[in-house]
1. Looking at the square roots a ≥ b ≥ c of the eigenvalues of the Cα gyration tensor of the stretch 415-457, which shape do they give, rounded for a/c under 1.5, prolate if a/b is larger than b/c, or oblate?
2. Can you compute the radius of gyration and Dmax for the stretch 220-343, using only the Cα atoms, both in Å?
3. Over the heavy atoms of Tyr459, what accessible area does a 1.4 Å probe trace out, to the nearest 10 Å²?
4. Using +1 at the Cβ of each Lys and Arg and -1 at the Cβ of each Asp and Glu in the chain, identify which of Asn377, Ala65, Leu124 lies farthest towards the dipole's positive end.
5. Using a 10 Å cut-off on Cβ atoms, rank the peptides 398-406, 543-551 from the highest mean neighbour count down.
6. Over the Cα atoms, compute the radius of gyration (one decimal) and Dmax (the largest Cα-Cα distance, rounded to a whole number) for the stretch 60-140, in Å.
7. When you count, for each residue, the other Cβ atoms within 10 Å and take the mean per peptide, how do 383-392, 341-350 rank with the highest first?
8. Just read off the accessible area of Leu155 with the full protein assembly in place, 1.4 Å probe, to the nearest 10 Å².
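The values are calculated or read from the model by the stated rules, or taken from the named source; none is laboratory data. Since the model is a prediction, treat every value here as computed from it, not as a measurement. No Cβ is skipped: glycine too gets one built from the backbone with ideal geometry, and neighbour counts run over all protein chains shown. Each accessible area value is taken on the protein alone, full model and side chains, heavy atoms only, with ligands, DNA and RNA left out. Shrake-Rupley method; radii C 1.70, N 1.55, O 1.52, S 1.80 Å.
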Amino acid sequence: MLNALSVARFRPRLFDALKGYDRARLGKDVAAGLTVGVVALPLAMAFAIASGLKPEAGLFTSIIAGLIVAVLGGSRVQIGGPAGAFIVIVYGIVQRYGVGGLVLATALSGLLLFLMGLLRLGTLVRFIPVAVIIGFTNGIAVLIGLSQIKDLLGLRIDKMPGDFFGILGALGSHAHTLNPWALGVALASLAIVIGWQRWAAALPRGRLPFSPGVVPGSIVALIAATTVVGVFHLPVETIGSRFGGIPAALPAFTLPAFSWQAGRELLMPIITLALLGAIESLLCARVADGMIDDRHDPNQELMAQGVANFVAPFFGGMPATGTIARTVTNVKSGATSPIAGVVHALALLAVMLAAAPLAASIPLATLAAILIFVAWNMGEWREFVRLKTYRMPYRVTLVAVFLLTVIFDLTVAVEFGVFAACVTFIYRISSLTRSERITAQTHPELAGREGDIQVWRLYGALFFGAVKLLEDMERHLPERTLVLDLKNLIYVDSTGAEELESLLKTCRKQGVRLIVSGLMNQPHDIAARTGLLAEFTARSPGDLQPDVARAIRSAVDGLQDAAR
């Protein structure tokens, strides 16, 4: 049964990556893993807080899911963990169904991801149009930035709404509670992050030990802001004042209450989490492939992401996926194998166990500034400027998905985007399917006989969106013989095959001979499977010819025989 389904082989990339492993590669992986751990620390906490969770949820996810993805994944350098793309959907689930609902949704999305990989569906994610991906990515970036304005300005809002207009209303109605100290800390933190990145990027390589890949600006801003707020006792909200700090231990296994009713209500969030996780992780793996000249196993990667998302929520985690920023940092830091991802997870664990009390003093305004910087880099804003260079369907799809993501819901946006892309694709392919009349200019034997014999050459794909060509031929049949040259027809679906059969029946009913030529590859296969081949040759084997020249000669010979 499994062989019949052609399931993927479960073989983590770690097995192949460790062949010929030596001390030099271990040193590079340890250095890269430590660097990525430093980069992941503030991001993990910030993503969790922005998702409506406690900061330790992000750390637990980076540790547990990051370790599983490294050990079981299909990429040599992929780093797994919480991602900004999940913030909007996770926040919505937590607000509506609570943390228990998030655990259930994340675990079931992990099961779905594993099945996608097991059934070799990893490559299908690549069929999601670029316009849809850019649209919802930019929309998510806007929502992330918008959700951080509360902490950026230090506004006193007990519970932030999850929808676009609700967020705008809450921010507007509480604008009078602005905390200038929080705004000052946030702006200073943002300036440090941006300035550090630009300054370090301009330094000659190898001259100084600090660069965005070794000591990121987010860590510098975090240390500086925490120190200033602690020394001068600035009246700004911190992790400790809101959440009571983070625990200095991993959580115990917890099992939420399950119910079929909750599962039904969470169906669309589960599918959204799975699709979003698959898209993000495989896009990230492709980016990494380009940097290290390698090729990942998409099905193994999905299975690893599935295991990670199934396990992590039962230990206090949130949805996880491949993270581009941390993966790129991993590659640039010299990672050679999944061992770097393992070191990254262990480094985060060590920091959490040793420095948990210090995290309580981290200002939320600084984390908000870091997330706004992440959201800005996450969006592909130049695509809006370049829209005028694309066709109208691409523009409409991208802008519609963007607006639907921001104003309504990510699930609705992706559904619409995929639907719009399918409709656009069907229209484009149907417009490329055409017919061409063959005349006596190219085949002199038709001279004087074009009233009795019509010869048409079809191009493209004969599918449900392009059968109008045959319907038009049915309404304008010749007197004696119709010849169809299908040599340039690359695809025929079941609707196209039915329309060919309908044309054949109409021709026989009106006493018109139908000769088909050039039936090759997939069109020949579907004609054989549907019995259409036997129908073509039921009256005469000459009604099926290998090329149009022979088909025309057969048609002419038929006229001559009838004349005798």
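1. On the way: a/c = 9.45, a/b = 5.10, b/c = 1.85.
Because a/c hits 1.5 or more and a/b exceeds b/c, the stretch 415-457 counts as prolate.
2. Answer for the stretch 220-343, Rg first and Dmax second: 19.2, 53 Å.
3. Its accessible surface works out to 50 Å², give or take rounding.
4. Result: Asn377.
5. Values: 398-406: 22.1, 543-551: 18.0.
For the peptides 398-406, 543-551, the packing ranking is 398-406, 543-551.
6. For the stretch 60-140, the Cα radius of gyration and maximum Cα-Cα distance read 14.3, 38 Å.
7. 341-350, 383-392
8. For Leu155, the solvent-accessible surface is approximately 10 Å².
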